[in-house]
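Okay, so here's the structure we're looking at.
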Amino acid sequence: MNKIPAKEKVIDATIQLMTTRGFNATTVDDIASQAGVAKGSVYHAFKSKEEIAIASLEHYLESGLKIVSDGPYAEIQDPVEKAIAFVSYIEDRSQELWSHGCLLGSMAIEIGDTYPSVMDQIDRMFKRFERGLANIFAPALAARAVVGVTSRDLSLHLLAVVEGSIITAKSHSEPQYLQHGIRHFRNYLELLLSK
């Protein structure tokens with residue numbers, strides 16, 4: 001049986017705690033306890049709570065991107081069908097991706113300008129999402145010669161829908177609101193690309 005390294009345990013614990021409690025309410029003691037490691041092991045792997053948060057955000061992002069990039073939509077050649085299939089796939093996987101919330105979104109709201117190094121990383125990560133989404137939407141918009149809407153517009157719109165749907169699902173204790181919001185974005189996209 002393989003032993004999980006302390007650093008990996010710390011990152012997993014941080015993601016779980018900061019997604020549910022937030023950055024400020026999560027202490028290094030909490031992280032060590034949740035990870036089942038000594039506090040000294042945490043500081044051996046990371047210099048600060050901010051460094052733990054950044055590593056955890058990076059792991060969270062990579063895990064989410066792996067789920068998203070493994071979808072069957074990637075094999076579709078038609079750009080319009082591909083864009084719609086992509087959003088359908090996100091809808092189908094939304095509970096796996098965001099049922100406990102979005103670490104990037106919740107930390108962005110909570111920390112604001114308090115921790116610039118963490119906020120810079122969050123900004124960089126959201127921009128990476130935007131570019132990835134734009135690469136899906138741009139060929140579909142071009143195929144239908146859509147004017148007045150850019151791939152960046154659609155990318156920002158989908159991110160806003162996801163983050164807003166996460167908040168709505170949590171505030172109403174109705175997990176299906178997450179899929180509901182993404183489904184409505186898909187409906188809008190289908191209308192936009194039906195020309």
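The values are calculated or read from the model by the stated rules, or taken from the named source; none is laboratory data. Please read all numbers here as calculations on a predicted model, not as lab measurements. Methodologically, a virtual Cβ is constructed for each residue, glycine included, from the backbone with ideal geometry; neighbour enumeration extends over all protein chains shown.
General observations
- Test result for Ile76, among the hydrophobic types (A, V, I, L, M, F, W, C), closer than 23 Å to Glu190 by Cβ, surrounded by fewer than 17 Cβ atoms within 10 Å (Cβ to Cβ) and at pLDDT 95 or above: yes
- The condition of being out of contact with any Asp or Glu (no Cβ under 9 Å at 6 or more places or on another chain) and surrounded by 12 or more Cβ atoms within 10 Å (Cβ to Cβ) holds for only one of Ser155, Ser173, Ser165, that being Ser165.
- Of the helices (runs of 4 or more DSSP H) lying entirely inside the stretch 1-98, those containing at least 1 residues that are in contact with a Phe, Trp or Tyr (Cβ under 8 Å, 6 or more places away or on another chain) and of a type in the set (A, V, I, L, M) span 6-20, 28-35, 49-69, 79-98.
- Residue list for the stretch 20-44, restricted to those being in contact (Cβ under 8 Å) with a residue 40 or more places away in the chain and buried (at least 19 other Cβ atoms within 10 Å of the Cβ): Phe23
- Scanning the stretch 45-73 for residues that are among the polar types (S, T, N, Q) and crowded, with 19+ Cβ neighbours inside 10 Å gives a single hit, Ser56.
- Any chance Tyr115 is touching a residue at least 12 places away in the same chain (Cβ under 8 Å) and within 19 Å of Lys49 (Cα to Cα): yes
- In the stretch 162-195, the residues that are part of a helix (DSSP H, G or I) and small (Gly, Ala, Ser): Gly164, Ser165, Ala169, Ser171, Gly181
This table checks each residue for (1) among the small types (Gly, Ala, Ser); (2) under 14 Å from the mean Cα position of the chain (by Cα).
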| site | (1), (2) |
| --- | --- |
| Ser63 | yes, yes |
| Lys66 | no, yes |
| Ser88 | yes, no |
| Leu97 | no, yes |
| Ser106 | yes, yes |
